[in-house]
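Single-structure report; data block below.
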Amino acid sequence: MHKIEHIGIAVKSLESSNDLFAKLFGESHYKLEKVASEGVNTSFFQVGPNKIELLEASGPDSPIAKFLEKRGEGIHHIAFDVEDIHAEIARLKEEEFIIINETPRKGADNKLVCFLHPKTTNGVLIELCQEIR
Ligand code: ZN
């Protein structure tokens, strides 16, 4: 893993949170993206070299809806950029981390993504992402 790719924040309303975070950062989001496979609507903010992803549930069965119900709004996951997601999954499995989806899916922002179960990472949901080249 070389760096944090972005931090994901779960919000109830993307619309009102886009306004809030635009005030916070002094700049609007640069993109909106619906990721049907994950049941989320997302927006991305660039803050210097860093990216923040806001996540809103696109329906009641969305994992974000479940997260909001259990924990409320807040930091949802930390995403790390990896060079080769398949090699990284194999390495982390070897280290006995639980991979939620061993076959990477297409996530937001032109990435292949997978998640590690927070049970094996001190309660932090970790996303691995690899740029689709
Ligand atoms: Zn993410």
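What follows is calculated from the coordinates using simple rules that are stated; it is not laboratory data. Note that this is a predicted model, so its numbers are computed, not measured. Virtual Cβ from ideal backbone geometry, glycine too; neighbours counted across all protein chains shown.
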At a threshold of 8 angstrom on Cα-Cα distance, excluding pairs fewer than six apart, so keeping six or more, what relative contact order does segment 11-121 reach in percent? 19 percent
If you restrict to DSSP beta bridges whose two residues both lie in the chain, what percentage is antiparallel, to the nearest 5? 80 percent
Cut-off 12 Å between beta-carbons: net charge of the residues surrounding residue 57, Lys and Arg +1, Asp and Glu -1: -2
Would you compute, from DSSP H runs of 4+ residues alone, the mean residue ellipticity of the chain at 222 nm, taking -39500 (n - 2.57) per run and dividing by the full residue count, rounded to the nearest 500? -7000 deg cm²/dmol
Quick query: amide H of residue 82 versus all other amide H atoms, modeled in the peptide plane; which residues come in under 5 Å with a sequence gap of 5 or more or a different chain? 129, 130, 131
Simple SL model, points at 7 angstrom along Cα→Cβ for residue 93 and residue 22; separation in nm is 4.4 nm
Starting from the Cα-Cα distance between residue 33 and residue 4, subtract it from 0.36 nm times their residue separation and give me the gain in nm to one decimal. 8.4 nm
For segment 124-133, just list the computed ³J(HN,Hα) in residue order, Karplus coefficients 6.51, -1.76 and 1.60, θ = phi - 60°, integers in Hz, with x standing in for Gly and Pro. 9, 6, 10, 10, 9, 9, 10, 4, 7, 9
Output ³J(HN,Hα) for segment 44-52: one whole-Hz value per residue in order, computed from phi by the Karplus curve 6.51 cos²θ - 1.76 cosθ + 1.60 with θ = phi - 60°, and x for Gly and Pro. 10, 10, 9, 10, x, x, 9, 10, 10
Using 1/(1 + (r/R0)^6) with R0 = 22 angstrom and r between the beta carbons of residue 12 and residue 122, what's the FRET efficiency to the nearest 0.05? 0.25
For segment 1-124, what is the convex hull volume of the alpha-carbon atoms per residue, in Å³? 110 Å³
